[in-house]
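Since the structure comes first, as structure tokens, the remarks are kept for the end.
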Amino acid sequence: MNTYAPQQTGHSSLIEQIASQVFGNLPEDGPLVVILDGKGSCCPSDSEKFSRVFAETHLVDQVIARVDDGGDPFISYVDDCAIVATELTSGYSHCGYMIIALDGFTQGSVMDNIDLVDTILSMMDIICGLVEKNCRLNHYQTQRLDFANQAEMVMLN
């Protein structure tokens, strides 16, 4: 058994790690944040709000399709909620998508605060890059520990 093997690999665990970093810092009654991987798995910050805002299941797919078509960030409205969606990228790869649902925001209020929205989206890319970099460093460190462990076993035999 390899005790130094990485515990988590792949984009789904990366998305879960990003979600845990972001969701832990959201206010209790704050906006709904949804983080998705490229395969359709999603992590909402509040499952109840998610079910309410995205009652039509195809809505998330439509939002992601618009981001993929070049509308990044994509801004839309569902009832009395502004939807802002973007692609999550790091310095290395496409990591997934993020959707923020802002209750009570109108088209005017989103546009009045577009600099703040862009700043939040940019910070999400920074978080994504840092989490991915941490995963890469952990992977390289465990590889080196495994190599050292194997070398020690050879020397003992």
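The sole residue among GLY70, GLY40, GLY30 that is surrounded by 13 or more Cβ atoms within 10 Å (Cβ to Cβ), assigned to a loop (DSSP other than H, G, I, E, B) and out of contact with any Phe, Trp or Tyr (no Cβ under 6 Å at 6 or more places or on another chain) is GLY30. Of these, ALA55, ALA82, which one is free of Cβ contacts under 8 Å to residues at least 60 places away in the same chain, crowded, with 19+ Cβ neighbours inside 10 Å, farther than 24 Å from LEU14 by Cβ and not basic (Lys, Arg)? Checking each option against the conditions leaves just ALA82.
Looking at the structure I just gave you, is VAL53 under 25 Å from SER90 (Cβ atoms) and not charged (D, E, K, R)? For VAL53, the condition - under 25 Å from SER90 (Cβ atoms) and not charged (D, E, K, R) - is not met.
No lab work stands behind these numbers, since they all come straight from the coordinates. Model, not experiment: these values are computed from the prediction. As a convention, Cβ positions derive from the backbone with ideal geometry for all residues, glycine included, and neighbour counts pool all protein chains shown.
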